[in-house]
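Engineer: Got a structure for you, written out below as structure tokens; questions coming shortly.
The values are calculated or read from the model by the stated rules, or taken from the named source; none is laboratory data. Since the structure is predicted, the reported quantities are computational estimates derived from the model, not experimental observations. Every residue, glycine among them, receives a Cβ derived from its backbone with ideal geometry; neighbour counts consider all protein chains shown.
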Amino acid sequence: MKLGRKGFAALGGTFILTTCIVQPIGYTAEITAPAKPIYMVNKGTQYFDSTSGSTSLLDMQARWDDATHNFHVYSLSENSSASATSSNTSSTLSSRINQYSPRMPMDQARIGGIGIGDSIDYVKSIYGEPTYVGQRGKNYLYDGLYAYDMTYGDSFKLSVVENSDGTEEVIDIASTANNGLAMPCGIKVGSSIGEVYKNFGMPWRINSAKSIERNYVYRTQYSPKVVFTTNQQHTITRITIIGME
């Protein structure tokens, strides 16, 4: 599969970095055992479960378990059970929100060297002309400015807005296959969701749909959000960076 005139090989080592920012401000990382590290300890973390409509306030410490591919939340409250509850629940059409989740640094919210706000001239300087360009239409999230989609190959899609000054910039990014395009830390389609937890901590929101797939949503330092979609094997099948919702 060829992706534009210059192809994915044009990235080289320039845009795929090897280091992630793993400890957001305000969170404590402690390692107690190599098999089950504690990635963060939060007090007063709030969860909302849309299935039951309940909200719970927990004193908790969170661990990612590589063996079970679950992110377990252990209660630290004196009056609560010591048993673990998992944010990876299999309930139908459920959503959980962690309002104290860490924010992903914007320099990590990139795929294949492309981030929200990059100019189309910059995109084309890396990948050349797109394989497909969609029809223009008004995008009311961006004050009714005209926008369109463009695709490289069949798995790298960019949404583009036309600004009033004539410039064009990226507003959404999606990678839907293991096409060699990665985030700066190396996470890509085909990676385990455990790698995301290890690098960025607990997500802001988890959406489950009929136990078929899950969406793990991370806030960034600004308005964009990064969504990791996984299958039943906890493997990432899609990475989406949303400029505004």
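Engineer: Quickly run through the range 194-234 and pick out the residues that are under 24 Å from L141 (Cα atoms), at pLDDT 90 or above and over 12 Å from the mean Cα position of the chain (by Cα).
Structural biologist: Once the filter is applied, which keeps residues that are under 24 Å from L141 (Cα atoms), at pLDDT 90 or above and over 12 Å from the mean Cα position of the chain (by Cα), the range 194-234 yields Q221, Y222, S223.
Engineer: Related question: Part of a helix (DSSP H, G or I) and small (G, A, S): does that describe G180?
Structural biologist: No, not satisfied.
Engineer: Any idea which of (1) of a type in the set (A, V, I, L, M); (2) out of contact with any Gly (no Cβ under 8 Å at 6 or more places or on another chain); (3) touching a residue at least 60 places away in the same chain (Cβ under 8 Å); (4) more than 20 Å from R96 (Cα to Cα) is the one L181 doesn't satisfy?
Structural biologist: With (1) of a type in the set (A, V, I, L, M); (2) out of contact with any Gly (no Cβ under 8 Å at 6 or more places or on another chain); (3) touching a residue at least 60 places away in the same chain (Cβ under 8 Å); (4) more than 20 Å from R96 (Cα to Cα) applied to L181, the lone miss is (2).
Engineer: Is it the case that some residue within the range 201-216 is of a type in the set (F, W, Y) and either in contact with a His (Cβ under 8 Å, 6 or more places away or on another chain) or in contact (Cβ under 8 Å) with a residue 60 or more places away in the chain (or both)?
Structural biologist: Yes, the conditions are met somewhere in the range 201-216.
Engineer: Scan I206, I187, I173 and give me the residue that is under 19 Å from G113 (Cβ atoms), of a type outside the set (S, T, Y) and in a strand (DSSP E or B).
Structural biologist: Going through I206, I187, I173 in turn, the sole match is I173.
Engineer: Here are some residues: T237, T176. Which one is under 12 Å from the mean Cα position of the chain (by Cα), surrounded by fewer than 21 Cβ atoms within 10 Å (Cβ to Cβ) and of a type in the set (V, I, T)?
Structural biologist: Just a single option satisfies the conditions, and that option is T237.
Engineer: Can R110 be described as of a type outside the set (A, V, I, L, M, F, W, C), under 28 Å from P203 (Cβ atoms) and either loosely packed, with under 14 Cβ neighbours inside 10 Å or in contact (Cβ under 8 Å) with a residue 12 or more places away in the chain (or both)?
Structural biologist: yes
Engineer: Can we say P130 is within 29 Å of H234 (Cα to Cα) and in contact (Cβ under 8 Å) with a residue 60 or more places away in the chain?
Structural biologist: In short, no.
Engineer: OK, next. Looking at G190, G117, G153, G144, which one is surrounded by fewer than 16 Cβ atoms within 10 Å (Cβ to Cβ) and over 20 Å from V226 (Cα atoms)?
Structural biologist: G144
Engineer: Six or more apart or on different chains, Cβ atoms under 8 Å: show the pairs whose first residue is in the range 220-245 and closer than 19 Å to S159 by Cα and free of Cβ contacts under 8 Å to residues at least 12 places away in the same chain and whose second is surrounded by fewer than 16 Cβ atoms within 10 Å (Cβ to Cβ) and not acidic (D, E).
Structural biologist: Close Cβ pairs (under 8 Å, with a partner that is surrounded by fewer than 16 Cβ atoms within 10 Å (Cβ to Cβ) and not acidic (D, E)) do not exist here.
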